[in-house]
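Below is one structure, written out as C-alpha cells; comments come after it.
FYI, it's all coordinate maths here, none of it is from the lab. Computed from a prediction, not measured in an experiment: that's the story for all the values here. We place every Cβ from the backbone using ideal geometry, glycine too, and count neighbours over all the protein chains shown.
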Amino acid sequence: MTARPSPRPQRIDQILFAQGFGTRRECAGLIEIGLVRVGGEVVTDPAAGFVAQGLALEVEGRPWVCHEQALVMLHKPAGYECSQKPSAWPSVMMLLPPPLRRRGVQPVGRLDQDTTGLLLLTDDGALIHRLTSPKKQVPKVYEVQTARPVEPQQVQRLLAGVVLDDDPKPVRAEGCEMTGPQALRLTLVQGKYHQVKRMVAAVGNHVSGLHRSSFGQLLLPATLAPGQWAWVEGLAAITG
Ligand code: URA
C-alpha cells in the first residue's frame, strides 16, 4: 500500500470517523452512549487514545477490525454493476458494509454486470493506478464459457494477438488453455473495456459465461461465497 499505518495512538472518535462510522459528531455520540467497545471493553471517552491499525472494535454490537487503508476483495455475483451510479442494475457497493461505502472505496478496474468472481476495491487511488496501469502488467485469470466449441486455432490466435476495434495494435493473451470443449482459461495483463468478450468474438466464438478467478497472485478463496467480501491483508497478497 502507499501509506504506512501510523504507530501513534489516535483519539477513538477520530479512528471511528476515519473508518467510516459517521460524522465526527456522530462518532463521538456513539462512544458517549456506550455503543463502542475496544478489545471487548466499553469506551465512553471520545478522547481515549489507541493505535488504529488492527484495533478490534465493536460498534453497535458489530465487530470491526480497523484498517487504516481499505483493500478488500468481493466475490462479485452476476446482476451487479461496478459503477458508482449504476444505470440498470444495483451497484456492487450495496454488497459492502456502510463504513466501507462511506470511506469511498472504488473498484480496481471493472467487471461487467454478468461477470462473476474476484473484484478488488480500495480507498487508495494510487493503489488503483498501480494495479490497473498497463505498464505494471498485473495478470488476471478468467474462466470463460463459450457459446460454440473451442477450436485449437482459436487458442493459437488468442495467444498470438487479435486486433480490437478501438486500437490497431494487437492484444494478446498472456496465457490461454482449453479447460473443456466449450471452456477456456484466459490470462490477460491489460484491462481493456469488455476485453475478454471482444477477444473471443475476434476469433469467431462468443462468451456465454465469464468468471475472474484471480488478480495478480490473489486467488478468489473457495470459502468466499458470491456476494461476500473480505479484507486483503497487504498489497503483497496481490503483487507477491
Ligand atoms: N473482460 C470482459 O469482457 N468482461 C469483464 O467483465 C472482464 C473482462
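Label the stretch 10-65 by shape, choosing from rounded, prolate and oblate, from the square roots a ≥ b ≥ c of the eigenvalues of the Cα gyration tensor; if a/c is under 1.5 it is rounded, and otherwise prolate applies when a/b is larger than b/c, oblate when it is not.
On the way: a/c = 1.24, a/b = 1.10, b/c = 1.13.
Judged from the Cα gyration tensor, the stretch 10-65 comes out rounded (a/c under 1.5).
Within 10 Å, count the other beta carbons around each residue, average over each peptide in 137-143, 172-178, and list them highest first. It would help to have the intermediate numbers written out before the result.
Working: 137-143: 18.9, 172-178: 17.0.
For the peptides 137-143, 172-178, the packing ranking is 137-143, 172-178.
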Seminar exercise, completed: Taking R0 as 25 Å and r as the Cβ-Cβ distance between M178 and L219, the FRET efficiency 1/(1 + (r/R0)^6), rounded to the nearest 0.05, comes to 0.75
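Below 8 Å, C-alpha to C-alpha, sequence gap of six or more: please give me the relative contact order for the stretch 10-65 in percent. Kindly include the intermediate steps, with their values, before the conclusion.
Values: 81 pairs, mean separation 19.3, N = 56.
Across the stretch 10-65, relative contact order equals 34 percent.
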Problem set entry | Ascending count of other beta-carbon atoms within 10 Å, so fewest first, for S87, S133, S214 | S87, S133, S214
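Taking the mean number of other Cβ atoms within 10 Å as a proxy for protection, how do you rank 162-171, 43-52, 123-132 from highest to lowest? Can you show the working numbers first?
On the way: 162-171: 11.6, 43-52: 15.1, 123-132: 16.7.
By packing density, highest mean first, the sequence is 123-132, 43-52, 162-171.
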Exercise. Along the positive direction of the dipole of the chain (beta-carbon charges: Lys, Arg +1; Asp, Glu -1; about the Cα centre), which of P63, A222, G180 reaches farthest?
Worked result: G180
For this session: Extending each Cα 7 Å along its Cβ direction at Q228 and L35, get the distance between those two points in nm, one decimal.
Result: 2.7
Problem set entry | Lysine pair number, Cα distance threshold 23 Å (strictly under), the chain, separation 8 or more or different chains | 16
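Expressed in nm to one decimal, what extension gain is obtained for the pair S83 and A47 from 0.36 nm per residue of sequence separation less their Cα-Cα distance?
Full extension from S83 to A47 adds 9.2 nm.
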Seminar exercise, completed: Amide H proximity to Q10 below 5 Å, modelled H, separation 5+ or other chain, gives F50, V51, A52
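For the chain, what is the Kirkwood hydrodynamic radius in Å, using each pair of distinct C-alpha atoms?
Working: mean 1/r = 0.0507 Å⁻¹.
So the Kirkwood estimate lands at 19.7 Å.
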